[in-house]
Each structure stands twice: as C-alpha cells, then as structure tokens.
Amino acid sequence: METRKQMKKNARGAIKKHHLIYIIACFFAAIIGTEFAGSLQLFRQSSEDISIIQISYNGAIINNQNFYDIMIDDYQERAQNYDESIANRDPDSPVNKILDRRNGVLATMVNGVSSGSFFATILVAIRNVTGSKSIAAGIFICGVAILLFFFWAFIKNVYRVAMRRIFLEGVSYDKVPHQRFLYVFRIKCVLDIAITMFVLAMYKFLWSITIIGVAIKHYSYLMVPYIVAENPKIPSKTAINLSRKMMNGHKLQYFWNDITFWGWFVLDVVTFGMSRIVFTNAYRIAYFAECYKNLRQYAKEREFEGSEYLNDKYLFEKATVEELNREYAAIGRLKERTGHMPEVFTHGVKGFMAKWFGISLASQAENDAYADYRINKVRVDRYRAEMEQMAYPTRLHPIPEKQKNFKVTQINYMKLYSVTSIILLFFSFCITGWVWEVLLHIYYDGQIINRGFTHGPWLPIYGVGGVIIITLLKRFRDRPVLEFLVAFVLCGFIEYFTAWLLETVNGEKWWDYSGYFLNLDGRICAEGLLVFAVGGCTVVYLIAPLLDAFFKRIDRRLATVICVVLLAAFFSDCCYSFKHPNTGKGITEYEEISFNSPQ
C-alpha cells in the first residue's frame, strides 16, 4: 500500500487537475447539508431575516387540535411581524433596495417561507378539505415528516455517493465531465443507493448508543460510500461488512490521518471557512479516494468476502485502445461521417460571421451541410475524452448506462441563420413581447394598453434580446448550462442599459422593479432575468429553429420585401417616438396600476 505522504501528494495532484468540479461538488454538498455544512457559516444571514419556523409550546400538553391552533396563531403573528419589519426598513439603504421583498413572485415565495405564512396557508387548505383541525394537523405533520425523510434518503444520502464517484474517477483520469453528477440516474440505481445508505445510518445509530461505538464504527464504515459509488448494486450488508473488513487493522491509522489535517482546520477557522470551500473539503475527500484505491486493491488481493462486487475494472485501470475501439465503434463511424466543415465557412467574411455570430451568407445547401457537421461534432466531442483514455469510459461500466440518442432531430439548434431570418426573428420576438404584455394588462387591469416606448405593436427589447442571444452567444450553443448563465448576465446588461438610456434621454421610466427581490436600481431584478434567461434558451434551442424552418418556406423575394417594409415602419416609429414617446397610464405611470413589467 502507498504511504500517507504519497496518497496526500496524489490527492493534491487530483485537485490540481479537477479543482473546479471538486469545489462545485463539495459546495453543493454543503448547501443541501450532506456534508461540510459548517463551510457556509460565512454566508449565513441573520436568523431575523431568514429564520426556521419555531413554535413555543410553553410546556403545554399538545394534541392535534390545539397544535393546529398554536401553529396558525404563531405563523400569523410571525407573518405580521415579518411584513412590518420589511415595511419599516430604510428605503434609502442600498442593501434594502436590492433585497426588497414587496413585489413579484420571487418575493412572495421568499416571504411566504421565511415568515411562515406559506405553511399556514397549507394548514388552512387541508383543514378546509378535511373539515377537522385534528386531521389537518396530523396530515401536515406526516407530510412534513415524509418530505424530510425523502430529502434525507434520496437527496442527501444519494448525493453523498454520487459525489464520491466524481472523486474516484478523478483518481485515474485527467477529465471528469460535469455530466457525471447524473451518474446515479443514468444507471438507474437511486433506490439501491438510498436503501444501502439507510441501512448504514441504522447501523451507526445503533452503535451510537454504546460507549465506544461512535468512534470505532465511524472508521469501520468509512469506506461504505466509496464501495457503493463503485458498485451501487452491491447488497447493503455486504457493503457494510466489506468496509469493516477493509478497515480492520487500519482504523487507528486513519484516525491519525484525520489528526494530520489539524493545520488545515486551524486555517479554516482563521479564514472563516473560506479555505474549506476552496480547498480543504475537496482535499479530504480526494485523500480518502486515494485510501479507497489502496484498500480496494488490498481487499481483492486477499479475496475478502464481497470483494467480487468491486468489479468496476476501469475505475482505476484504463481500457486498452482495442477495447475502446470495439465499444465506441458507433461513435467512430459517426466521427468519420462528420468529416470537415464546409470550406466556405473556414475563412473570409462568411467564415467570420458563421463562426462568431451564427449568421450565414452562403447558400441553403451549404447551411445544411454546416448544421449536420456541427451537430455531429458536438455528439462526437461528448465521447472524445473517453475514446482518448482521458475520461472514464461510460460504455464499459459494469452496469449499463443510459446512452445518448444519436438520431439527428428536425430541431437543429446548431444551424446558421440567414440575414432575412434574423430580421424576421427580430420582429417575431418584438411583436410577441408586445402581445404578451398587452394581454397581461388586460388580465390584471382590464384595459388594453399599448405598451412600450414606441407607438407600433412591438417592444424592441424583446427582439434585441432574442437576436443577441442567438448571435452573440453562438459559441456557447453546444453547452446549454453555460448558455443559460451567460444569457442571464447578458439580458441583465441589456435591460439595465436600455432602462438607463430611456431615463436619461426622456426622463421617464418605462418599467420599475423597485420592491422586487434582488433588484438593481429598479431597472433589473433576479425574477425578470430568470424569465429572460429561460426564455432565451427556449428561443435558441426550440423556437428559433422552428421559426427559421417556417421562414425558409417563404419565397426569398417576398421575404425580402416583408423585411424592408417592416424595417422602414419600425425605424420611422423609432424616430417619431424619440420626440414623442409613448407615455401615460399603464406605460410610465405606475401608481395607478397594479402590474409593472419590462418592455
């Protein structure tokens, strides 16, 4: 077996290669409370602002009926106090302006959970259905208990195993793709893992009531999550017994291993937990992943009972080129069919526009060839690291993993858009945004109001936002998560700049998010940006490809005429509106209406 010094060196090397995904894995574990909960002490807000709902029983004997009354009274009092505390905050404080919670769906959700009114509403609803306070209280208590148990068993415990799988793959491989977070779902073993971890928790609980059971059994069962991460199908008792045998004679050694981290614990205190977030948490798990690698080899060499379940051959041993070529033959054939990018898009203005903005100045046949090339390349790239022995070969996993479907769909989001399509998409988004906001005002205020700065049936910010997401974010299109995050930031910049420009030029506000949770100067807020980011991704991956397919059916000359007419009308409206902007009730006057939304 390797020495402690060598294993720590290997762990630091693994962190260097996989620092980002390791940190994300540990940070998420801290957020959901799986492990490392103390790491977030620096980010915790005061208990007055976000408090866990507590009820004072004053020593009374509680039955279901007066439990219901106490909960309702307590929740209502807390909700009233919470509303008053929000209303009394200094409106000029920069922090309070950002964290305001008076308007919007997000504010309602945060206030409802924080004050307890959300739970009171559920209680009253159950009581109205059942007609009994006792039954309502009983259902509420059982429901909360079930939800907490489900979260503990199927989220916290399962993630504990999934996180260790990421660290185990990082021992031998240079890349650990972010898709490995979904490992347990792709092999459909969530229930198996939950059962094993539940049994482990019961064993630990029973031993905890003994004098020395807590300390000893902590180390006896230390390897169970790693064993399950390798083979989720292993029987629960077998995994526990195997861990006990693997740790037999090594418990004191691993106790001293923990002691050697004391310097890092001191640093964690000095940095208020920040060093735990960026290094220490990942370092400890990476180190124990190295320990598991050595103990696993030790168990297999001595043929411990249950060691036959440690059958993931390629977790610590790379597959040969011949094995990879055999299992990834279909990917290899797809790679051969992908070929090369059409030459017209490799240089010059056409190449620049296609590469950076997804705009095509070529023929339709060349556009289709480019789209097929790009979508196939994305699919090949997903397995490229595995085929090159840089990432764990998922197709060689002992438990068959759900594989991607390589059928090219009609909705090809990697396509290029012609200039005509971009113009028509712009007006489609502008007009759709205008219709959306007009309908919202009809619903909320019962009035037909021509929304927006201009006088025509369009809201330019929707069109500009949609087109910019399609063009400027073209380089992120094969990475949906990154596309969403960048779209969130980009939409915020566009909306804030547009609001500032309109206010500076005309001295009027066409939207105001003051009172919305997480707003900035009333020009943008988290709630609106989330909607824009989700909408932007929907546009990129679904709506724009479908609309483009429809626009292609229109005769090119007719489409050109439509574009010219729309652009002429739009720019004429914009020029007129800069001198005579669209203002009035429901547009720039918010005091008299109940709904404020951006345009």
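Overview of values
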| quantity | calculated |
| --- | --- |
| Listing of helices (runs of 4 or more DSSP H) fully contained in segment 135-251 that carry 1 or more residues being hydrophobic (A, V, I, L, M, F, W, C), in contact (Cβ under 8 Å) with a residue 12 or more places away in the chain and closer than 26 Å to K17 by Cα | 157-172, 183-186, 224-230 |
| Qualifying helices (runs of 4 or more DSSP H) (wholly inside segment 317-361; at least 3 residues being within 30 Å of T420 (Cβ to Cβ) and not aliphatic (A, V, I, L, M)) | 348-357 |
| Those helices (runs of 4 or more DSSP H) lying entirely in segment 463-569 with at least 2 residues in contact with a Pro (Cβ under 9 Å, 6 or more places away or on another chain), over 30 Å from F352 (Cα atoms) and among the aliphatic types (A, V, I, L, M) | 480-506 |
| Per-region count, segment 431-462, residues of a type in the set (D, E, K, R) and in a helix (DSSP H, G or I) | 2 |
| In segment 492-521, residue surrounded by the fewest Cβ atoms within 10 Å (Cβ to Cβ) [restricted to those that are under 25 Å from H455 (Cα atoms) and touching a strand residue (DSSP E or B) at 6+ places or on another chain (Cβ under 8 Å)] | Y496 |
| Which listed residue is among the basic types (K, R), closer than 26 Å to A385 by Cα and at pLDDT 95 or above, from R165, R180 | R165 |
| Residue match in segment 542-559 (condition: closer than 18 Å to F493 by Cβ and of a type in the set (D, E, K, R)) | no |
| Considering residues of segment 258-273 that are in a helix (DSSP H, G or I) and in contact with a helix residue (DSSP H, G or I) (Cβ under 6 Å, 6 or more places away or on another chain) only, the residue modelled with the highest pLDDT | L267 |
| Residues being within 13 Å of G466 (Cβ to Cβ), of a type in the set (V, I, T) and buried (at least 20 other Cβ atoms within 10 Å of the Cβ) - total across segment 522-542 | 2 |
| First in segment 441-455 and farther than 11 Å from I587 by Cβ, second anywhere and exposed (fewer than 14 other Cβ atoms within 10 Å of the Cβ) and polar (S, T, N, Q), Cβ under 6 Å, 6 or more apart | Y444/S594 |
| Candidate set: segment 238-297, residues that are among the small types (G, A, S) and exposed (fewer than 15 other Cβ atoms within 10 Å of the Cβ); chosen: the one nearest to M223 (Cα to Cα) | G249 |
| Residues located in segment 475-489, provided they are crowded, with 17+ Cβ neighbours inside 10 Å and either modelled with pLDDT under 90 or aromatic (F, W, Y) (or both) | F476, R477, D478, F484, F488 |
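The values are calculated or read from the model by the stated rules, or taken from the named source; none is laboratory data. These numbers were taken from a predicted model, which means no experiment stands behind them. Here Cβ is always computed from backbone atoms with ideal geometry, including for glycine, and neighbour counts include all displayed protein chains.
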